[in-house]
Amino acid sequence: SARKVTAVTEPAQTGPSPVVARRRLAAELRRARAQAGVGLEHAAAALECSTAKISRIENAMVRVSVQDVRELAAYYGHGNVDALLDLARAARGRGWWDRWADMLPDLFTTYLGLEDEACDLWTWEPSVLPGLLQTPAYARAAMEGAGTYEPDVVERGMELRAARQRLLGRDEPPAVWAIVDESALRRPLPDRAAWAGQLRALLDVMEQVTLQVLPLAAGPSVAWTPKFTVLGFADAPRVAYTEMLHDSHLVDAPSTVGEYLARFDRLRSLALDGPGTAALIGGLLVEAGG
């Protein structure tokens, strides 16, 4: 039988999350190398490694040892080695999401760390409700309906979803703006009571989260856009994350992130406003018997 989903306590965290610290460290090392006029080949020779490793370090794709950071900082002549070493130690820490790392793609664990640190989230979902807004019943149905997860993975996935959603209950939660295609709202759960509960939860969360529905009448020209999220930070560049069936991408190039934000603005301009969204959800709630 399925085991009971246990409460997940998110540990207290001081300073940046490991993922954010890794991004900051990567940016600092990249900037330091450029200012020193050192090429990738020379940096790799100083560390006695491949240029691919230096590239992965500078793109925050791998954890880097404190010793490697110390050697690179010395080679570049960095003026504040201690600050870099502090970032290196923070980057090698463990986040609350690491307990699920064995069942998640590496890039999604990176995304979770970024989501945990973000102050703004702009997300578009064309086919399902955003994970941060799903009730337990909806989350379970979504995972079981995929047909690819064993029961124990579903249970752990439920725990992970609950842990993610704790960020909305913080004293200073991120500002979330979610746009959902109307088709996702017209795809109910088999259990009508559970579906009604999800719809009520959406109406309740609209007091905290900006939620818009892209109506079917908007046509197919924008609705085909794959799901994506743009994350904003207090002291780091924005990042865009998108998922496909067999792949996902995390980008921080300003021009590319700007394209995602432009697409989000287009979706936002075509979506129903707050009262219109609430009216549509309310009508579906009546149909669901809620």
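The values are calculated or read from the model by the stated rules, or taken from the named source; none is laboratory data. Model, not experiment: these values are computed from the prediction. FYI the Cβ positions are ideal-geometry reconstructions off the backbone, even for glycines, and counts take in every protein chain you see. Ligands, DNA and RNA are stripped out before the accessible areas are found, and what is left, the full protein with its side chains, is counted by its heavy atoms. Shrake-Rupley method; radii C 1.70, N 1.55, O 1.52, S 1.80 Å.
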Being among the small types (Gly, Ala, Ser), under 27 Å from Tyr111 (Cα atoms) and either part of a helix (DSSP H, G or I) or in contact with a strand residue (DSSP E or B) (Cβ under 8 Å, 6 or more places away or on another chain) (or both) is the filter here, so list the residues in segment 35-75 that pass it. Ala52, Ser55
Would you mind stating whether Ala236 is in contact (Cβ under 8 Å) with a residue 60 or more places away in the chain and either under 30 Å from Ala60 (Cα atoms) or buried (at least 18 other Cβ atoms within 10 Å of the Cβ) (or both)? yes
Given the criteria open to solvent by 60 Å² or more (accessible area, probe 1.4 Å), touching a helix residue (DSSP H, G or I) at 6+ places or on another chain (Cβ under 8 Å), over 27 Å from Val251 (Cβ atoms) and not aromatic (Phe, Trp, Tyr), does Ala74 qualify? yes
Would you be able to tell me the number of residues in segment 77-99 that are under 22 Å from the mean Cα position of the chain (by Cα) and open to solvent by 50 Å² or more (accessible area, probe 1.4 Å)? 3
Give, as residue ranges, the helices (runs of 4 or more DSSP H) completely inside segment 119-213 that count at least 1 residues that are crowded, with 20+ Cβ neighbours inside 10 Å and without any contact (Cβ under 8 Å) to a residue 40 or more places away in the chain. 136-146, 151-165
